[in-house]
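Data first, discussion second: the structure below is written as structure tokens.
The values are calculated or read from the model by the stated rules, or taken from the named source; none is laboratory data. The model shown is predicted, which means the values in this text are computed figures rather than measured ones. Because the Cβ atoms are built from the backbone with ideal geometry, glycine has one as well, and the counts that use them run over all protein chains shown.
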Amino acid sequence: MKKNTVGSGLLLLFVAGAIGYGLGLGFDALINGAPNFSGSTSAAFALLFAVSAFFFGLYGYRGITRGLVWQVVGTLAGGLFISGIRALMGYKFSEIFGSFFFSEPAWVFGALVGVISFLSGVGVMDDWMKWVRGIDTHDHHEDEPGWEKYFSVSLDHKVIGIQYTVTALVLISVGGLFALIFRTELAYSQLQFLTTTFKLFNQNGPQIYNSLMSLHGMIMIVSILLGVSGIINYVVPLLIGAHDMAFPRMNAFAYWIAVPASVLLLMSLVLGGFDTGWTGYPPLSARAPVGVQMFFLGVFTAGWSSILGALNVIATVIRMRAKGMNAMRMPIFVWAAIATSIIALTATQLIGLSFQLVMFQRLFGMGFFDPAKGGNPVLFQHLFWFYSHPAVYVFVLPGLGIISELLPVFARKPLFGYRWIAMSSLGIALVGFVVWAHHMFTSGMNEYLRVPFMYSTMLVAIPTGVKFFSWVATLWKGKIETPTPMLFVLGAIFVFLLGGITGPPNAMVALDLHLHDTYWVVGHFHDTIFGGFVFPFFASIYYWYPKATGRRMNEFWGKVHFWLMTPSFLILTFGMMYIGLLGMRRRIVDYDAALGFDPTHLVMTICAFGIALSVLIFFINFFHSMKNGEKAEGNVWNSRSPEWQVPSPMPAHNYEVPFEVVGEPYDYGLPGSKYVQFITPTKKK
Amino acid sequence: MRHFIIAGVLVIAASFGIYFGLASVDMLPVQASTQAVGIDWMWDIQLMAMSFLFALIFVPMLYSLIVFRRRKGDTSDGEHFEGNNALEIGWTVIPLFVVVFFAYLGAGNLADTLRADPDAMVVKVTGFQWGWKFAYPEYGFESKELYLPVDQQIWLKMESNDVLHSFWVPEFRPKQDLVPGRVTELRVTPNLVGSYKVRCAELCGTSHAFMESPVIVVEEDDFVKWAIEQQALAAAANTPESQGELLVSTNGCVACHSINGTTGQGPTWLGLFGSDVELTDGSIVVADEAFITESIADPAAKVVKGFAPVMPLYPFTNEEIANIVAYIKTLK
Amino acid sequence: MTHKHDKSSAFSQGVLIFVYLAVLTAVEFFVAVKLNSIQIMLLIALVKAGLVMYYYMHIYKLNTSDEGDEHSYSFKSGTNRIGLWMFLLSDSFVFGGLLVMRFNLLGLTRPHLDQNLGLLVTAVLLISSFFMNRAETSIEHGDRKGFVTNIIITLILGIGFLLGVVAVEWPRAIEEGITASSNTVGAAFFMMTGMHAFHVLTGVIFLLIVLRNGAKGLYDKHSYPVEAAAVYWHFVDLVWIFFYPALYLIGVVAG
Ligand code: HEA
Ligand code: HEA
Ligand code: CUA
Ligand SMILES: [Cu+2]
């Protein structure tokens, strides 16, 4: 296959998907006597085959395709290996193969082997293997020109940043698509299409709802983690004047491990799904179908991406800043990246551990959370939230950092209270470590813990408030311009404000006894996440797009995107909060018609499609502008930041001429002041 | 200075506007317990705080956007102004006091909602996949509806032996999870006669959405009357068939099994006894007493074709199973 | 500045720290058997951890400023050192989580295990750390032969520890009725020792790699990989300093 195009990729996707499906049906017939057209085996094969075939058509047998093919082979080989052992141990045929094809231990082992195979297949560990054998490697390796470098291992932080960002966008679409499906079901009371007789992937309608809802949550969260890494990876080395990250190979590794993780998350849907919510509380998760194991493994693997990425960021910022860039002269986004990375580096281990314990409980009958064996289900919640609360600040801190970074550029005024904003990021991160139990006010944990956790939770409002007040003060008496990135920044402040002020009511224990597990909470966190991450993420894409491509995204369609997304989103979340207060529970496939929520739900569903449409517009704009956008090679936003002082797209090795920091980063309106100075000003372009 | 005054006035106006606007919308369900009074009071305070904070940030932001926007043709920068430590300290310390004060209020508020009445009536609640069961130890019977006398504190002692559930009657406000392996407690004092529903608020699997049971608050006299009736019913239900029927309805089997021939999560029971049942391994068995007994005692042992092995294991005694089988036999 | 001791003073320091650690471990054992005072045991564990981190893992080296430009070996080693320590910080949250799990589920009871066997494997691991330290000092002073001998001893002891836990302790525990699926005591015991053993195993692999490349003379000039292996190895020891009392000493026997 010579012509590698999206077209041949899609063609192969369908062909191989059909072959996989047929193969699966055949196996199903062999194992269970009759083929199950909506079963898991056929779907699992179809998924595995189709994904790798798509990239085969798009890209040929190298890079990501090789990784995926190896992952498929590795998964099947690992599964067969365990199945073989089980056969030798004298298990019956029906205990080795079943309606999910492999048995649970075989799938788990297969998935692990698959991940490792992917990493070897894609070649991201090649250099390390050479080191093991005592062979030195070159630090600089040249990438292929054009788009093709994005599909195989590259050590360039700019390429990796874009890989992360695009993967995040793909996952947002997948998660968003899931949301659209289940929102459609919710548009009216009663079960419309996800009925009890509906069958897909061995699940009936309500089970599919639960799987989609849980996966929506986790895929979105993973996509945010990747998006965060994307922006940080692309921007931080540029902002501090480094030629790359401190550990380029580990950087590539951290990105590539997220790809098999995403495949595993999708596998969880077809392997029977799981109906536990993204939180995966046992004992329910200890009883769910095999899918939950894929979910655990997927999150566990994605967690490593987060941990290693964070490690890299901290090391880079400590070691590789430009001359003269002391702590109080770093661009403010770098502070946010540091604060985020501290959380991601440490706390992430705990979600890994908590999921691992449930995994072992399922595999080996270890009774950590099984009351019958003396286990404690509430312990899981403590371990889980010890990560997952701080995790929400992993999402928002970079987002808030972007707001602080862009606001001065478009207000044409120094960032108000730089030090305070920098310190408030650290403050949020640190206080964020001691508030986790506010998710557990109704969980039956020790009663006397509730009040201290209410106090600590309320304290987070203070550093967050410092940021808000400083932003307002930055805008005050500026000369405010509102191109698309600035619109998204302003939208972010507005939406995050709504999310933020709906936090303290949750922290009031008694009130939370009413609010907990209702759509009020769902509204709260969609607001915080959109305001704290999604809006800033779009802002940063519009803002740094010219840096990465040398072209601008279309302003008009950018504004359409904003003005369609914002009102749709606001109505969606106001609706959530409103019905939540009135008694709409979370995570239900159907609600009591007597509650009278039908009209609100219908409006919310329509708004969800509005958001989706706006995102679609964004995608078209994004891809269209790569070739056709208005050329923009200079300092598009008239920014003081170092990356805008060199031509776009960014040169391959960043700053050919190193710079030195000679002033404050945000001294807009101070004539003659400069932030950076290139060390040998003789070289002109 | 002029700007500050205008913006300040606008902030105050907007706070009041937003607060009264929102307060005029019914945003909470009917208030049907004394615990709800305190919780709603806290909600009102939070609503004020939210309105004010929203206005405090949003109004100056909007004001700047309009007043300080860049005019056409203007290429100058804004005022060079890097910050003001006094201001920063102010907006760190004042919110500090505010949040500590809120938390203090919150603690008192919590104590109010937890206040125990020594004369409370105990009701034992069992949650299971997917239904509720309520036992009245003072009267010695079980019910699938929660009848409560008005104006008396109810002390709910709750248990689950499968997964987490959460007891929530929105009109009463507070909710509490049920945790397998331990007894969790909740106190509510209904103060409004009416019928409500307890809705499980913790995801518990496939039919979580449908895990609802009626909650009926009645006058004291009516409650006693009902309780005595139930006692009598429980005593009367002593044929195996009627005992079985009671067990089936109090344990929520009907959530999955219909008795009218429609297929639900599980196979229907109508005409089950004596029929031929095909299992997932392809074999066909006759649904005799032994098969039905085994299906209840060990649901995973033989799985009926076309169904997922989702049926929970119930801690029945042999006698109880026999009663259920007797009841299923009557469904022809 | 990396202060390079001369070889003999580094050696005597190693011996001294080893003796401290050995004595502290003995005292800890004694405290457990006679007094069962958690406070004292915790204090001892913290002191041991401090000694290991300072003298064996050279935590102070993190603070050394670097000579040379961005591409020099010493600058890169400095960056690697920071990376490694951050990795260990991250990893220690796993072990912290396991300790939380253990104390939440078992409280002040402990599995019914042979305390003498526990002391024995602990001693083996501790002694291996001593030889690891010697191997590291040797290569830093260009003594390739000393390096190879010492690292082989370390490896033997490390594998001995691994076998002691997995091949001796586990079957004995199972005989006692402590199995992974019996109850939370077994679950906690196997999870903690299993996770630790997994780290020992990766450490062994790491040492094998370093041994092979070191024997070929790759580290004669640039010995950072040996330092990294050593720091990792001592970290595994560090974890055991807390796991050992948590599994074998603290509380009364249950199950
Ligand atoms: C990006 C994510 C994000 C962010 C930033 C936040 C921020 C906050 N969250 Fe949120 N939260 C989530 C994501 C987030 N949350 C998610 C995903 C869940 C649900 C998880 C699940 O169950 O699935 C959740 C759930 C959740 C709960 C549990 C609810 C329940 O399930 O019962 C609670 C309870 O306390 C809470 C509180 C808070 C608080 C106090 C803040 C604070 O940080 C907010 C601080 C900001 C402000 C207060 C506004 C600005 C401040 C000022 C203007 C200064 C002056 C302010 C005062 C004086 C008050 N959140
Ligand atoms: C990043 C985080 C994130 C984001 C962006 C979203 C986005 C959305 N979320 Fe969700 N949500 C969560 C995180 C997020 N959510 C979490 C953590 C939960 C909790 C899960 C749990 O309880 O366990 C949750 C739960 C949740 C619920 C509650 C479910 C329940 O409790 O039963 C609902 C209900 O309405 C909902 C709706 C939506 C909608 C309509 C969107 C919309 O914004 C989505 C809009 C659509 C898109 C953004 C996709 C657009 C793309 C396309 C249409 C395809 C185009 C493709 C190409 C061109 C390639 N979400
Ligand atoms: Cu029970 Cu949800
Ligand atoms: Cu939280």
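Name the helices (runs of 4 or more DSSP H) wholly within the stretch A:500-579 that hold at least 1 residues that are touching a strand residue (DSSP E or B) at 6+ places or on another chain (Cβ under 9 Å) and within 14 Å of chain B (Cβ to nearest Cβ)?
A:509-515, A:519-529
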Could you tell me whether the stretch A:449-456 includes any residue that is of a type outside the set (G, A, S), touching a residue at least 12 places away in the same chain (Cβ under 8 Å) and more than 16 Å from ligand 4 (Cβ to nearest atom)?
yes
Residues of the stretch B:187-205 being touching a helix residue (DSSP H, G or I) at 6+ places or on another chain (Cβ under 8 Å), more than 9 Å from chain A (Cβ to nearest Cβ) and either among the hydroxyl-bearing types (S, T, Y) or farther than 16 Å from B:P149 by Cβ (or both), in sequence order, are B:T189
Return the only residue of A:I257, A:I221, A:I231, A:I240 being farther than 19 Å from A:F182 by Cα and within 16 Å of ligand 1 (Cβ to nearest atom).
A:I231
Please go through the stretch B:182-207 and give me each residue that is assigned to a strand (DSSP E or B) and within 16 Å of ligand 3 (Cβ to nearest atom), ordered by number.
B:T184, B:L186, B:K197, B:V198, B:R199
Between A:I588, A:I611, which is away from ligand 3 (no atom under 16 Å from the Cβ) and out of contact with any Cys (no Cβ under 7 Å at 6 or more places or on another chain)?
A:I611
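With the requirement that a residue be within 15 Å of ligand 3 (Cβ to nearest atom) and without any contact (Cβ under 8 Å) to a residue 24 or more places away in the chain, what does the stretch B:162-181 give you?
Those that are within 15 Å of ligand 3 (Cβ to nearest atom) and without any contact (Cβ under 8 Å) to a residue 24 or more places away in the chain: B:Q176, B:V179, B:P180.
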Among the listed residues B:E159, B:E138, identify the single one that is of a type in the set (D, E, K, R), free of Cβ contacts under 8 Å to residues at least 60 places away in the same chain and farther than 21 Å from B:F210 by Cβ.
B:E138
Restricting attention to the stretch A:633-684, the residues that are more than 30 Å from the chain's Cα centre (by Cα), more than 14 Å from chain B (Cβ to nearest Cβ) and farther than 25 Å from B:R70 by Cα number exactly 18
Looking at the stretch A:157-174, I want the residues that are touching a residue at least 60 places away in the same chain (Cβ under 8 Å) and have a partner that is outside any helix (DSSP H, G or I) and more than 16 Å from ligand 1 (Cβ to nearest atom) with Cβ atoms under 7 Å, at least 6 apart or on another chain. Which pairs are those?
A:H157/A:D244; A:H157/A:M245; A:K158/A:M650; A:I160/A:S154
Let me confirm something: among B:L114, B:L148, which residue is among the aliphatic types (A, V, I, L, M), more than 21 Å from B:C256 (Cβ to Cβ), away from ligand 3 (no atom under 16 Å from the Cβ) and within 14 Å of another protein chain (Cβ to nearest Cβ)?
B:L114
For residues in the stretch A:54-97 being in contact with an Asp or Glu (Cβ under 9 Å, 6 or more places away or on another chain) and under 25 Å from A:Q361 (Cβ atoms), which is surrounded by the most Cβ atoms within 10 Å (Cβ to Cβ)?
A:R86
Among (1) within 14 Å of chain B (Cβ to nearest Cβ); (2) surrounded by fewer than 24 Cβ atoms within 10 Å (Cβ to Cβ); (3) closer than 18 Å to A:F525 by Cβ, A:F597 falls short only on (3)
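Of the residues B:V285, B:V224, B:V217, which single one is more than 30 Å from A:N210 (Cβ to Cβ), assigned by TED's automatic domain parsing to the domain that holds B:G194, of a type in the set (V, I, T) and touching a Leu at 6+ places or on another chain (Cβ under 9 Å)?
Checking each option against the conditions leaves just B:V217.
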Kindly check whether there is at least one residue in the stretch A:185-199 that is within 16 Å of ligand 3 (Cβ to nearest atom), buried (at least 23 other Cβ atoms within 10 Å of the Cβ) and within 14 Å of chain B (Cβ to nearest Cβ).
no
Looking at this structure, is B:T184 facing chain A (nearest Cβ under 7 Å) and polar (S, T, N, Q)?
yes
Suppose the filter is touching a residue at least 40 places away in the same chain (Cβ under 8 Å), crowded, with 22+ Cβ neighbours inside 10 Å, near ligand 1 (Cβ under 8 Å from one of its atoms) and not in a helix (DSSP H, G or I); does A:T442 pass it?
yes
Looking at C:R144, is it away from every other protein chain (no Cβ under 13 Å), basic (K, R), surrounded by fewer than 21 Cβ atoms within 10 Å (Cβ to Cβ) and more than 25 Å from C:Y56 (Cα to Cα)?
no
Which of the following residues is under 26 Å from B:V310 (Cα atoms), away from chain A (no Cβ under 14 Å) and at pLDDT below 90: B:G131, B:G127?
B:G131
With respect to A:I501, is the statement that it is within 16 Å of ligand 4 (Cβ to nearest atom) and either among the aliphatic types (A, V, I, L, M) or within 28 Å of the chain's Cα centre (by Cα) (or both) true?
yes
Please tell me if A:P398 is touching a residue at least 60 places away in the same chain (Cβ under 8 Å) and either part of a helix (DSSP H, G or I) or under 23 Å from the mean Cα position of the chain (by Cα) (or both).
yes
Residues being within 16 Å of ligand 4 (Cβ to nearest atom), of a type outside the set (A, V, I, L, M), touching a Ser or Thr at 6+ places or on another chain (Cβ under 6 Å) and away from every other protein chain (no Cβ under 12 Å) - total across the stretch A:383-438:
0
